[in-house]
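Here, each number is a calculation from the coordinates, and none is a lab measurement. Because the structure is predicted, anything quoted here is derived from the model rather than measured. Neighbour counts are summed over all protein chains in view; Cβ atoms, including those assigned to glycine, are modelled from backbone coordinates with ideal geometry.
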Amino acid sequence: MTANQHSAFPDQFQQQALKLIYELIPVTSAVFYLLDPDLREQGVALYNMDAEMEREYQDRFKTLDPLDPRKFHGTQDRVVTIDSLMPFHQLRQTVYFQDFMQPRDHRYVADMFLRQEGRVIAVLSCLRQESMEPFSEQELVLLRGLQPFLEYSLNLVYLPKRVGQRQSLKDKYGFTRRELDVLELLMTGATNKQLSSELNLSMATVKTHLQHVFRKASVSSRAELLSRVLPDIS
């Protein structure tokens, strides 16, 4: 199994983190997503996970998740398992387990929370199917030890670089903030439908943003767009 293959921008750091996790401990699938100040998903990288499932989680099930990151603001928790929060006999009675976890053969979950000034700004979630063993204490110690390194890298290297890349594109092409959001997702191979879902925009609005992005970059296709802008952020 390999991590989903995307452009180096904007999720290279996330992809490399997922690859590192996979090399350290066995997982069925994993997801690493960033959060904006309103705790909306801002950027996601997936390992062995369908993008449609991740969107369904964000749209329908996130608020039902015992590991919802909003519950961990102000805490010092680095890595938390779903079983540490709720006995399985209770978990299996929940809508979250019955309608989301069980149909996808997800049984064990360990979430790593990455913070900036106490606020959760990213979550790396590791999932195992029922046929696998629960996360051992040794594995959790390893993940907790890795958390400070990923948190430091996220805050001191990745996010500043991403902000700088967005500013560079804004300065050169005049993209608006929303057009930059669209561009970032385009670079991960997102379809118009995925843009609509992830940015909570109508299809008509997505098409309008795309027209503006193409016009400002003086291109007529996605392939041309990527060829034009990728050198500007390398």
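From the list V213, V229, the lone residue that is under 22 Å from A45 (Cα atoms), surrounded by 14 or more Cβ atoms within 10 Å (Cβ to Cβ), among the β-branched types (V, I, T) and in contact (Cβ under 8 Å) with a residue 12 or more places away in the chain is V229.
Yes or no, residue by residue, for (1) among the charged types (D, E, K, R); (2) surrounded by fewer than 19 Cβ atoms within 10 Å (Cβ to Cβ):
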| site | (1), (2) |
| --- | --- |
| S125 | no, no |
| M132 | no, yes |
| F135 | no, no |
| K170 | yes, yes |
| D181 | yes, no |
| E198 | yes, no |
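Test F135 against the stated conditions and say whether it is closer than 30 Å to R228 by Cα and not in a helix (DSSP H, G or I). No: the conditions fail for F135.
The residue pairs whose first member lies in the range 100-121 and is closer than 15 Å to S29 by Cα, whose second member is β-branched (V, I, T) and assigned to a loop (DSSP other than H, G, I, E, B), and whose beta carbons are closer than 8 Å, counting only pairs six or more residues apart or on different chains, are D105/T28; H106/T28.
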